[in-house]
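The values are calculated or read from the model by the stated rules, or taken from the named source; none is laboratory data. Just so it is clear, the structure is predicted and the values come from calculations on it, not from any experiment. As a convention, Cβ positions derive from the backbone with ideal geometry for all residues, glycine included, and neighbour counts pool all protein chains shown. Surface accessibility is based on the protein's heavy atoms, side chains included, excluding ligands, DNA and RNA. Shrake-Rupley method; radii C 1.70, N 1.55, O 1.52, S 1.80 Å.
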Amino acid sequence: MKANSHPRLRQVSLAILLAALSQQVMAEEEVIPEYTFMDAIKTGKNLTSFRLRYEHVDQDGLQPGAFANGSANPTGARELDNANAVTLRSLIGWQTAPYHNWSFAAQITNVSKLKDDFNDGTNTIRTNGASNESDRINYAKVVDPDYTDFNQLFVDWTGIKNTRVRAGRQIVNLDNVRFIGDIAFRQNTQVFDGVSVFNKSIPDTEIFLAHFDRVRQIFTTHRSGDLEIANARYRISPTEFLVGYGYFSNFENLGLGNAWFGTGGANLLADQSNKIIGLRLDGTHPFTPNYRAHYTAEYAKQTDYKGGDSRIDAHYYKLGGGFGIDNFNLRIDQELLSSNDGQYAFQTPFGTNHLFQGWVDKFLVTPRQGIKDTFITATYKYGDFLFFVDYHDIRSDEDFFTVNGGASANGNRYGREWNAAVTWNMDKNWMTKLEYGKYTEDDQYAAAANAVTNAASNRGRIQDTEKLWLTAMYTF
């Protein structure tokens, strides 16, 4: 028995060894579980935030003879009331991580009025054609209509190296959002429907190309047309850029009525199609870790495009610079939106215009006499707080008629505006912000003069206005 025990023991040991080795080989050859679409969903990006805002507007009332929409003022009708708006914007959405080079995103927006003593910009009529306490058109404007819709709904494809193709409804912000932006300040943002391509194949260069056939404006109106975008940005340094761009709009009607071309029935039908070609040099050049210089030089030309009105012929420039020391920055700039002899002025219908010519939004559409805005901006960061202040001296490019002055009384000073804000980034999720803007009228601008009497009317005056905003936002 003992003679046979050692061979059997060796056989058992060999069997155990072979089994262990086979288990190890199987473990090494075990296939890693496939990355599934559910994994792509779980590891995606949250597109959810909630923004609560109070906005107060104190605007000088309309002069007798006209309402805010330009209609006749019936006897006994009252002037504009101050606006008090409390609104809540809820963005709820998710974008998946890439799955076989595909990514999907959906985001729903809802804007709800919690206090609606304001004209949300969609009110165009009043009860029985006369003033009524319930008519929101009697209030100053706060362009935040209550609304529910898809804010973004798109699919991304990244099957080509350094390239992203996006199709569907999307937010687009280019450069300083002067020409293309989502108007993120308002509760309802501007979004575009179509296809865009973003490419980084060329070293230090980013190219953005797009074709959009629909835009949803902040009034929640959907406009159809064609917008082609070409934007190429070359990175001179990590903080300095040279940008060339072309924006080709074949939107005949962007809902601006006769604002681009002045009064007159025929002008209501003017085709607003236009193209903008421009070049921008912009950046911050650091000299030391604590000291830096800011600079901007930009020029663009706007002309008619694909049947657009021939009066569309104007140019744009922005020149400025400044410096930064530690957490403090100061700069002075001048921006010109020129006039075509008072027939038309440079327009930026797809830009985030709230950020320009002051926050009070007196110049979202450029008056036909153009704008020359000289402004000083200062910022200071202290811990989690950011302080901002600026001052604007806003003049025209061409002289304009003044109220009750007739054709012989011309002016070129629209007014002055200063803005101030403090932002508190409480943590990575919470942000609160207090903002204030005050516009003061100088020469009393009149949009047009009567062709017979040469008397300019009060209608179209850009009057004294103060605005206050208090915002709280939670982002996931």
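Sorted by mean Cβ packing within 10 Å, highest first, what order do the peptides 326-333, 271-278 take?
Order by mean packing, descending: 271-278, 326-333.
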Take GLU206, GLU435 and sort them by solvent-accessible surface of the protein heavy atoms, 1.4 Å probe, largest at the top.
GLU206, GLU435
Partner lysines for LYS141 [C-alpha distance under 16 Å; skip if fewer than 8 residues away on the same chain]:
LYS113, LYS115, LYS362, LYS438, LYS467
Heavy atoms only, probe 1.4 Å: what % of the accessible area of region 251-387 goes to carbon and sulfur, would you let me know?
60 percent
Compute, for MET38, the solvent-accessible surface of its heavy atoms (probe 1.4 Å) with the complete set of protein chains present, and express it in square angstrom to the nearest 10.
110 Å²
Residue by residue through region 236-252, what is 3J(HN,Hα) from phi via Karplus (6.51 cos²θ - 1.76 cosθ + 1.60, θ = phi - 60°)? Round to whole Hz and write x for glycine and proline.
5, 8, x, 10, 9, 9, 10, 10, x, 8, x, 10, 10, 10, 10, 9, 5
Leaving out ligands, DNA and RNA, and with a 1.4 Å probe, what % of the accessible surface on region 81-213 is carbon or sulfur?
57 percent
Using θ = phi - 60° and the Karplus relation 6.51 cos²θ - 1.76 cosθ + 1.60, list the HN-Hα couplings for region 143-155 in order, rounded to whole Hz, with x at every Gly or Pro.
7, 9, x, 6, 6, 9, 5, 6, 7, 9, 7, 8, 10
Just the C-alpha atoms of region 223-351: what Rg/Rh do they give, with Rh taken as the Kirkwood radius?
1.10
Approximate shape of region 291-372 as ellipsoid semi-axes (Cα gyration tensor, √5λ), whole Å, largest first
30, 14, 11
Name the residues whose placed amide hydrogens come within less than 5 Å of the amide hydrogen of ASN151, ignoring near sequence neighbours (fewer than 5 apart) on the same chain.
GLN107, ILE108, THR109
Here region 204-216 yields Karplus 3J(HN,Hα) values (6.51, -1.76, 1.60; θ = phi - 60°; whole Hz; Gly and Pro given as x) of 6, 10, 10, 10, 10, 10, 7, 10, 10, 10, 7, 9, 9
Most to least packed among 179-185, 160-166, 250-256 [average Cβ atoms within 10 Å]:
179-185, 250-256, 160-166
